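The structure under discussion appears below in the form of C-alpha cells.
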Amino acid sequence: MKDATRVIRAGLPGVAQGQPFLPGPTFAGVYHLSGDPDSSTYKYGRYDNPTWSAYEKAISELESAASSVVFSSGIAAVSATLGVTLKSGDVLVMPSDAYYAARILASGFFATLGVVVRFAPTAGDAQLNHLQGAKLLWLESPSNPQLNVCDIALLVKAAHEAGVLVAVDNSTSTCLGQQPLALGADFSLSSDTKATTGHSDLVLGHVSVSDASWGDKLRAWRTQMGSTPGPMEVWLAHRSLATLDVRLRRQCANALTIAEFLSSRPEIRGLRYPGLPGDPSYPVASRQMTLYGPVVSFELASRELADEFLKRCELVFEASSFGGVHSTAERRERWGGDRVAEGFIRLSVGCEDVRDLVADLSHALEIAHGK
C-alpha cells in the first residue's frame, strides 16, 4: 500500500454499518469500572483513552513500529524517552546542534540527576567518537534549525555494536520522509505539533519503538508524570494524518523550488536544504530520506536586513515552529541557544502556490536591500 493511501486509512476501525469512518473524540476522565480493574481496557482518564489508542495505532502503522505512545507535546516525548532509558551515571551522547529545548533538558534536569551528557555535532557523524561507555545515542536528522544530516544506519550499527540504544528525533522529516526504525533505531520520536499534523493549531508529540516493552515503559512514564494529551487534540491529529502525504509532498516540492531560487540570489549566504543536490547533506540525505522536509535555512548579512526582509514578506508569517500549511519564518538567533548568525533565517515552506511565494520572497529581498 502506498503512502498516500496508508495515511488515509491508518488507525481507522473496521467497517460497521451506520458508523463514521473515524469516530469522534472520547471525552472521559473516568469510565464505568466494577470488580477487577484489569477486566477493562480503559480504567481512568490519565491512564488511557480510546482516542489515544486509535491515533497510536495509526502512528504505529506509519512508523512500522511495535508500539507508539502519544504525549502532550514534543518535549514531553523527549522527556519520556530520556526518562525511561537513563539513570544516574549513564552517558547520553547528543548532537550539539540538536533542538535547543532537548539540549537544555539533557544538560539541565537530567544532568542534575547524574546523567553524563556528551555533545558532538551532527555533521560528519561526529557522535561516532563518543559512544564508548554510553547508554543512549540521541540523533536529530535533519537537525533543527541548521539542517545538518547524519548517517543514521551507520551510527545505529556502531551504537548497537557498543551496546548503546539509539533514539532519533524525526520531527523535521516526519514518518513519511524518513523511517528511523527501519534504519535500525530503537526509538523514533516527533513533535507532531509540526508537519505531522501541519495546521499550526495543536501541540502534541509521540514516540514509536521497535520493541513493545519500551512502549510499556513509556506509557507508565506518561501515567506517572501526567504528560497526557487532550482527546480533542489527539483526534484532530488523527484527522490531520489523512492529508499528510498531500501536504508534505507539496511543501517539499515548494521548498526545493525556493531553495533553487535562493541559490541564485547574491544576497543569500549559507543556504541549506538537504534536497538540494549541491547541499553538503545531500549525498547522505538522498540515501535515507524519501522526502526532504519543508524547512530551508539561510543567512542575510545582518540582523537588520533579516528583520527588514521578514517584515516585508506578505505571504510568510513571522512565527516560530515549522511544518504548517502556512509558510512561516523567523530570525532564529532572537531566541538564543543556537549557534547561528544574527541574520540566520529558518523558513518553513507551506502549501501556497510556489510562484506566489517566490515572487513574495523576491520582492521582500529587493525592498530589504533598498533595490
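Taken together, the values in this text are just the output of simple stated rules run on the coordinates, not laboratory data. Please read these numbers as outputs of a predicted model, since none were measured by experiment. Cβ sites come from the backbone with ideal geometry, for glycine too, and all protein chains shown count toward neighbours.
For the reader, a short list of remarks on this structure follows.
- Taking amide H as placed 1.01 Å from N in the peptide plane, the amide H of Val168 sits under 5 Å from that of Leu139, Phe187, Ser188, Leu189, each at least 5 places away or on another chain.
- Angle between the chain longest axis and helix 244-263 axis [Cα atoms, degrees, rounded to 10]: 20
- In degrees, nearest ten, helix 303-312 long axis to first principal axis of the chain (Cα): 80
- Taking Cβ atoms as reference points and 14 Å as the exclusive limit, the residues near Ser190 contribute a net charge of -4, counting Lys and Arg as +1 and Asp and Glu as -1.
- Net dipole in debye of the range 1-122 [+1 Lys, Arg Cβ; -1 Asp, Glu Cβ; about Cα centre; nearest 20]: 180
- Using θ = phi - 60° in the Karplus curve 6.51 cos²θ - 1.76 cosθ + 1.60, the 3J(HN,Hα) couplings for the range 30-40 round to 9, 10, 4, 8, 10, x, 5, x, 6, 7, 10 Hz; x is entered for Gly and Pro.
- In the range 183-334, the convex hull through the Cα atoms has an average projected area of 11.1 nm², a quarter of its surface area.
- Residue by residue, the range 44-58 carries 3J(HN,Hα) couplings of 7, x, 7, 7, 6, 7, x, 5, 4, 4, 5, 5, 5, 5, 4 Hz when phi is fed to the Karplus relation 6.51 cos²θ - 1.76 cosθ + 1.60 (θ = phi - 60°); x denotes Gly or Pro.
- Relative to the longest principal axis of the Cα atoms of the chain, the long axis of helix 74-85 makes an angle of roughly 60 degrees.
- Rounded Å value of the spacing that divides the Cα centres of the range 227-296 and the range 105-124: 27
- Comparing mean-square fluctuations of Ala123, Ala341, Ala159 from a GNM of the chain with C-alpha springs under 10 Å, the top value falls on Ala341.
- Listed residues Ala65, Ala98, Ala301, most fluctuating in the chain (Gaussian network, C-alpha, under 10 Å): Ala301
- Extension reserve of the Ser286-Asp353 stretch, reckoned as 0.36 nm per residue once the Cα distance is removed: 21.6 nm
- Computed helical MRE - 222 nm, the chain, DSSP H runs ≥ 4 contributing -39500 (n - 2.57), nearest 500: -10500 deg cm²/dmol
- For the residues Leu236, Leu361, Leu113, a GNM of the chain with alpha-carbon springs under 10 Å puts the largest fluctuation on Leu113.
- Simple Cβ-charge dipole of the range 244-368, Lys/Arg +1 and Asp/Glu -1, about Cα centre, in debye nearest 20: 440
- The phi torsions of the range 103-108, fed into the Karplus equation with coefficients 6.51, -1.76 and 1.60 and a -60° offset, translate into couplings of 5, 5, 4, 5, 7, x Hz, rounded to whole numbers, with Gly and Pro shown as x.
- Cβ crowding within 10 Å, taken as a proxy for footprinting-reagent exposure, orders Asp36, Asp90 from fewest neighbours to most as Asp36, Asp90.
- Estimated at 0.36 nm per residue, the fully extended path between His369 and Asp38 surpasses their Cα-Cα distance by 112.5 nm.
- About the centre of its Cα atoms, the chain shows a dipole size close to 280 debye [charges on the beta carbon of Lys, Arg (+1) and Asp, Glu (-1) only; nearest 20 debye].
- Each of (1) 78, 54, 39; (2) 76, 55, 35; (3) 61, 38, 35 is a candidate for Cα extents along the principal axes in Å; the one calculated from this structure is (2).
- Taking the convex hull of the alpha carbon positions in the range 244-368 and averaging its projected area over all directions gives 7.3 nm².
- Here the extension length gained between His199 and Ser320 equals 42.2 nm, from 0.36 nm per residue of separation less the Cα-Cα distance.
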